[in-house]
Amino acid sequence: MPARKYLLSFSLLGLLSIFAGCGGGAGRPTPQGGFTASSVSGSYAFVFSGNDVNGLFGIAGSLQADGAGHITSGLMDINQNNSNGTPQPITNQPFTGTYTVQADGRGVATLSSTAGTFHLAFVIINAQRALVTRFEQVASGSGAMDLQTSSAFSNAALAGSFAFNLSGVDGVGAPFASAGSVTTDSTGAVTSGVVDSADNGSISQNVPVTSGALAVGSSNGRATLDITTAGGTVSFAAYIVDANHLKLVETDTTTGAQLSGEAFRQPATLSNASFSGPFAFTVAGVDSGQGLPFSAGGVLTADGAGTITSGTEDLSELNFNPLIGMAISNTSTYSISGVRGTLSLQTSNATFNFAIYPTISGVQVIETDAGVVGTGSAFGQTGPFTNNSISGAYGMNFTAVIGTEVDTTASLTADGTAGTLKGIIDINELNTPGFPAPGTSLSGNYSVNADGRGSFNLTTGLGTQTMAVYVVNNSRALFIEVDGGVVSVGAIEHQ
């Protein structure tokens, strides 16, 4: 039975000229829409991670966009390997840059610093949010940026419990994931917490946080977060989105680990009733025994009292036949106590176990089965569901593994009832001739069932990809690939 792993050319001059051009170019579709450079204006916190020619990297920061194509200032923390493959965090790195935006919301940004120049492709969801990929032949990764609320730049505004979800590698480069919760007071002292982790398939559960501190120290929303358990202290740069949301990247040099991700505020009181109703979810990671990436997704219904009454799960692992449409048994259970819960999904193929952390922005998930490193999220669904649940203009991002890492952003239009898709996609395949490939055509079709699960098939420069889609609501849907040739996980968000 396969288990699971985290998912985790043009010359630059040519790349920028293609993005900046107002037309589609020979054989390239012409962007349509009403976005301009003014659609990106203000201070944004971001995090993105992936791989470059030296291994894994994670980058978090804040940028100030003037609405006219200039990044007037910024600050970022970079955790990447040097040419010898050794992690080399670079903290408090200032930068400036430029950006362009096309009519469909797709754009490109250049971040220039003494630590290097970073090239990004992005697609705007709205004035508050964009999906991001690193877009260089020697580096590829995915993430997001969100408009910052400066009134949250204080320890007092952030007091309370935050659940975090992190992925990356450990000190010897093996896959590593961590999820947990920390509670801070108005001075920033960590008063309690708990952590679950998967280190190359070795699982640690419900480990207490013994101390720590959150310190907000700059006008751009950068903070530091230290979390101490019996295993030691891990340090992060934390960039504040608002009073409910942080972007994180590890910055310590003692563990050698390279983790990045996000944290979200938890409700003041949690119980089994906090996990109630229909949910869509995806999880991605690595089967440590096989050394192979996987992705999984599905829909389920929780009764608010500790039982999963129904659901369906799909599982795809590279080089194995996908397991599609596994029924989730009504003998599946969950239990929430304090800031954390456990979830056991029983199917006819296997039982999958997770630690879960409900937040006000979904449920953070880490798999706790031995031999697996995997994390993800679940979101409460709002139906009813039909093809019209996916209708209009969307931004899309997905990360895939085809031997090398692939990251994409795209703008697409769904016509609703007929279930057809069209759009423009920007594709990067790490260290592969012919990539990055901006501005190529996308087409496809989809079908949504009454439970929000369905098919979502794309034809792009990567070929034809068969996806399973899990609709959250009219504004968001999650998907994984289920054709066996590629492992991918992604989402679409309504523009």
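Given the criteria more than 21 Å from the chain's Cα centre (by Cα), more than 30 Å from Y239 (Cβ to Cβ) and buried (at least 19 other Cβ atoms within 10 Å of the Cβ), does L345 qualify? Outline the logic, then answer.
Working: more than 21 Å from the chain's Cα centre (by Cα): yes; more than 30 Å from Y239 (Cβ to Cβ): yes; buried (at least 19 other Cβ atoms within 10 Å of the Cβ): yes.
So L345 passes the test.
Condition first: in a strand (DSSP E or B) and buried (at least 22 other Cβ atoms within 10 Å of the Cβ). Now tell me which residues in the stretch 378-396 satisfy that. Lay out the reasoning, then the answer.
The initial filter retains those residues of the stretch 378-396 that are in a strand (DSSP E or B), namely 378-380, 391-396.
Residues satisfying the conditions are A378, Y394, G395, M396.
Here is a yes/no grid of residues against (1) assigned by TED's automatic domain parsing to the domain that holds G201; (2) not aliphatic (A, V, I, L, M):
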residue	(1), (2)
G85	no, yes
I90	no, no
E136	no, yes
G143	no, yes
S178	yes, yes
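For the stretch 262-287, name all the residues that are under 30 Å from S310 (Cβ atoms), assigned to a strand (DSSP E or B) and of a type in the set (G, A, S).
Of everything in the stretch 262-287, those that are under 30 Å from S310 (Cβ atoms), assigned to a strand (DSSP E or B) and of a type in the set (G, A, S) turn out to be S276, G277, A280, A284, G285.
With the condition kept exactly as written, say whether any residue in the stretch 356-363 is in a strand (DSSP E or B), under 18 Å from G277 (Cα atoms) and more than 25 Å from the chain's Cα centre (by Cα). Even if it seems obvious, please write down each step before you answer.
Residues of the stretch 356-363 in a strand (DSSP E or B): 356-359, 362-363.
Filter once more, keeping what is under 18 Å from G277 (Cα atoms): 356-359, 362-363.
Now drop any that are not more than 25 Å from the chain's Cα centre (by Cα), which leaves none.
Looking through the stretch 356-363, none of the residues is in a strand (DSSP E or B), under 18 Å from G277 (Cα atoms) and more than 25 Å from the chain's Cα centre (by Cα).
Would you confirm whether or not the stretch 80-100 contains a residue that is of a type in the set (A, V, I, L, M) and crowded, with 18+ Cβ neighbours inside 10 Å? Spell out the reasoning first.
Taking the stretch 80-100 and keeping what is of a type in the set (A, V, I, L, M), we get 90.
Of the ones still in play, those that are also crowded, with 18+ Cβ neighbours inside 10 Å are none.
Among the residues of the stretch 80-100, not one is of a type in the set (A, V, I, L, M) and crowded, with 18+ Cβ neighbours inside 10 Å, which makes the answer no.
Within the stretch 438-495, can you find the residues that are touching a Pro at 6+ places or on another chain (Cβ under 6 Å), of a type outside the set (A, V, I, L, M) and assigned to a strand (DSSP E or B)?
S441
Could you check how many residues of the stretch 465-488 are of a type in the set (V, I, T) and touching an Asp or Glu at 6+ places or on another chain (Cβ under 8 Å)?
Of the stretch 465-488, the ones of a type in the set (V, I, T) are 466, 469, 471-472, 480, 482, 486-487.
Among the residues that remain, those that are also touching an Asp or Glu at 6+ places or on another chain (Cβ under 8 Å) are: 466, 480, 482, 487.
Matching residues across the stretch 465-488 total 4.
The values are calculated or read from the model by the stated rules, or taken from the named source; none is laboratory data. Remember, it's a predicted structure, so these values are computed and weren't measured experimentally. Glycine also receives a Cβ, built like all others from the backbone with ideal geometry; neighbour counts cover every protein chain displayed.
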